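Here the structure comes first, spelled out in structure tokens, and everything after it is commentary.
The values are calculated or read from the model by the stated rules, or taken from the named source; none is laboratory data. Note that this is a predicted model, so its numbers are computed, not measured. Don't worry about glycine lacking a Cβ; one is built from the backbone with ideal geometry, like all the others, and counts go over all protein chains shown.
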Amino acid sequence: MTVGIDKISFFVPPYYIDMTDLAHARDVDPNKFHIGIGQDQMAINTKTQDIITFAANAAKTILTEEDLETIDTVIVATESGIDESKAASVVLHRLLGVQPFARSFEIKEACYGGTAGLQFAKNHVTLHPESKVLVVATDIARYGLNSGGEPTQGAGAVAMLVTANPRILSLNDDSVMLTQDIYDFWRPVGHDYPLVDGPLSNETYIQSFQKVWEENKRRNKRQMADYQALAFHIPYTKMGKKALLAILEEETEAEQERILSRYEESIVYSRRVGNLYTGSLYLGLLSLLENSEELSAGSRIGLFSYGSGAVSEFFSGNLVPDFEKALCKNRHHTLLDQREKLTIETYEQLFQDKLNTDTDQFFDDNTPFSITEIKNTVRDYRPF
Ligand code: CAA
């Protein structure tokens, strides 16, 4: 029996800004954002869309009635939680209509949380092959207007259904994990935005990748040639490339070209969306699967997960025959293409228009799973 990703989908809010417009507004050379950071567009959300609306929208499109009756665990990974106590997955469980005898919980370790959820799901299904586990990585990445991190913001969710004998990616038992107590990016309770040491975060990301890659080679006796592609956590698309270049020196030119070409395919979506925090690695995986013509069944994909603070994990999965048939490529491309471009002025207004959950109020956002009402500090959502 294999265990892994049977279904996977992403959702981003229906608005974006162009990075050239942001560069002009911030008096920066646009090439810094497009080439230096590697971002072309950035997803923007309104105050009536939150991590639960993203999660519900990402999951709803892939789940059948049979899935809803079989899922026995709902996991939300996020670092943009809306409650210090109650898990977002409990609300998600109701909105989706998952059968009641399920466990639901939220996981936090910066951008690493989605991988913790996926590994929990894998272990659970290995013990209980009849179970299905829904893992949703959902976040709003915000650093503040005019901040250093502003061009690396984003918003959205990736939903994954983990089952036995999956149709997309079977996960291997080869994880190399690494924990280091470092303050490169953190958000103390009560702070709207994270505190970030940009250079340290870049440095820690790269050295973490080098460490888990070397340990993976030693422990799992693998070389680059054993991987058809590597997918990375993508806080901005240049980041994964910097880490990759740090280990590629020892490879032949042909091997470097092969793996860098796959990397370019893995960042097609992130270039248009920005950072999804917990969802970024899985958006990268989806981008690779849906935009590469070079992948073949049975081949191994390496995945590098990084959460500031810092926890990393390198693991792999093997593509299942006919995996392409289980993807939703057209829907994802339409989702990105049909978004509305905002002016920087509108983006700044939306950014400052924060949701006040201490005041009862109604909203008239007609998007499915948007917030309809705040009552006694509780958010209610428009169903699908
Ligand atoms: N044309 C082309 N390239 C240009 C350029 C131009 N005109 N001007 C500058 N550049 C290049 C620079 O040379 C640089 O390239 P290298 O990194 O290859 O040297 C790149 O653009 C960025 O320039 P700076 O380093 O000067 O950029 P910055 O000081 O504005 O900071 C940042 C960039 C550190 C990423 C900042 O946006 C930030 O703090 N972001 C948030 C933190 C983050 O994403 N860290 C990543 C690792 S942490 C993580 O992965 C977890 C997570 O999700 C947050």
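Is it the case that D173 is of a type in the set (D, E) and surrounded by fewer than 16 Cβ atoms within 10 Å (Cβ to Cβ)? Talk me through it step by step, then tell me what you get.
On the way: of a type in the set (D, E): yes; surrounded by fewer than 16 Cβ atoms within 10 Å (Cβ to Cβ): yes.
Yes; evaluated as a whole, the condition is true for this residue.
With the condition kept exactly as written, say whether any residue in segment 339-348 is assigned to a helix (DSSP H, G or I), exposed (fewer than 13 other Cβ atoms within 10 Å of the Cβ) and more than 16 Å from the ligand (Cβ to nearest atom). Write out each step before concluding.
Step one: of segment 339-348, the residues assigned to a helix (DSSP H, G or I) are 344-348.
Going one step further and asking which of them are exposed (fewer than 13 other Cβ atoms within 10 Å of the Cβ), we end up with 345.
Add one more test, that the residue is more than 16 Å from the ligand (Cβ to nearest atom), and what stays is 345.
Yes: segment 339-348 contains one or more residues that are assigned to a helix (DSSP H, G or I), exposed (fewer than 13 other Cβ atoms within 10 Å of the Cβ) and more than 16 Å from the ligand (Cβ to nearest atom).
Could you identify the single residue in A137, A121 that is of a type outside the set (D, E, K, R), surrounded by 22 or more Cβ atoms within 10 Å (Cβ to Cβ) and under 18 Å from I234 (Cα atoms)?
Details: A121 fails: under 18 Å from I234 (Cα atoms).
That would be A137, the only listed residue that is of a type outside the set (D, E, K, R), surrounded by 22 or more Cβ atoms within 10 Å (Cβ to Cβ) and under 18 Å from I234 (Cα atoms).
Pairs please, first residue from segment 146-159 and under 16 Å from Q349 (Cβ atoms), second anywhere and assigned to a strand (DSSP E or B) and near the ligand (Cβ under 9 Å from one of its atoms), Cβ atoms under 6 Å, 6+ apart in sequence or on different chains.
Pairs found: Q153/A141.
Determine which single condition A77 fails, assuming it passes every other condition in (1) over 23 Å from L327 (Cα atoms); (2) out of contact with any Phe, Trp or Tyr (no Cβ under 6 Å at 6 or more places or on another chain); (3) touching a residue at least 40 places away in the same chain (Cβ under 8 Å); (4) not hydroxyl-bearing (S, T, Y).
(1)
Would you check which residues across segment 47-92 are part of a loop (DSSP other than H, G, I, E, B), more than 20 Å from the chain's Cα centre (by Cα) and either closer than 22 Å to H332 by Cβ or assigned by TED's automatic domain parsing to the domain that holds S305 (or both) and list them?
Within segment 47-92, just T64 meets the criteria.
Please state which one of A55, A43, A23 is closer than 16 Å to A141 by Cα, of a type in the set (A, V, I, L, M) and within 16 Å of the ligand (Cβ to nearest atom). Give the derivation first.
Working: A55 fails: within 16 Å of the ligand (Cβ to nearest atom); A23 fails: closer than 16 Å to A141 by Cα.
Exactly one residue qualifies, and that residue is A43.
Out of segment 311-341, which residues are of a type outside the set (S, T, Y) and in contact with a Phe, Trp or Tyr (Cβ under 8 Å, 6 or more places away or on another chain)? Working first, answer last.
Taking segment 311-341 first, the residues of a type outside the set (S, T, Y) are 311, 313-315, 317-333, 335-341.
Listed by number, the residues that qualify are V311, E313, F314, H332, L335, L336, R339, E340, K341.
For segment 200-228, name all the residues that are near the ligand (Cβ under 9 Å from one of its atoms) and either assigned to a loop (DSSP other than H, G, I, E, B) or not aliphatic (A, V, I, L, M) (or both).
S201, N202, E203, T204, Y205, listed by residue number.
Within segment 302-329, work out how many residues are in contact with a helix residue (DSSP H, G or I) (Cβ under 7 Å, 6 or more places away or on another chain) and either under 20 Å from S208 (Cα atoms) or within 12 Å of the ligand (Cβ to nearest atom) (or both).
10
Here are L288, L260, L281: which of them is in contact (Cβ under 8 Å) with a residue 60 or more places away in the chain and not assigned by TED's automatic domain parsing to the domain that holds F11?
Checking each option against the conditions leaves just L281.
Could you please let me know if K242 is within 16 Å of the ligand (Cβ to nearest atom), outside the structural domain of G38 (by TED's automatic domain parsing) and surrounded by fewer than 18 Cβ atoms within 10 Å (Cβ to Cβ)? Please lay out each step first, then the result.
Details: within 16 Å of the ligand (Cβ to nearest atom): yes; outside the structural domain of G38 (by TED's automatic domain parsing): yes; surrounded by fewer than 18 Cβ atoms within 10 Å (Cβ to Cβ): yes.
Yes; evaluated as a whole, the condition is true for this residue.
For the structure I just gave you, tell me whether L95 is outside the structural domain of R271 (by TED's automatic domain parsing), in a helix (DSSP H, G or I) and over 27 Å from T237 (Cα atoms). Explain how you work it out, then say what you get.
On the way: outside the structural domain of R271 (by TED's automatic domain parsing): yes; in a helix (DSSP H, G or I): yes; over 27 Å from T237 (Cα atoms): yes.
Spelling it out, L95 is indeed outside the structural domain of R271 (by TED's automatic domain parsing), in a helix (DSSP H, G or I) and over 27 Å from T237 (Cα atoms).
Please verify whether I75 is of a type in the set (A, V, I, L, M, F, W, C), within 17 Å of L145 (Cα to Cα) and more than 16 Å from the ligand (Cβ to nearest atom), treating the condition exactly as stated.
Working: of a type in the set (A, V, I, L, M, F, W, C): yes; within 17 Å of L145 (Cα to Cα): no; more than 16 Å from the ligand (Cβ to nearest atom): yes.
Spelling it out, it is not the case that I75 is of a type in the set (A, V, I, L, M, F, W, C), within 17 Å of L145 (Cα to Cα) and more than 16 Å from the ligand (Cβ to nearest atom).
Scan segment 176-234 residue by residue and report those that are more than 30 Å from A297 (Cα to Cα) and either in the same structural domain as A157 (by TED's automatic domain parsing) or of a type in the set (K, R) (or both).
Listed by number, the list holds a single entry, R187.
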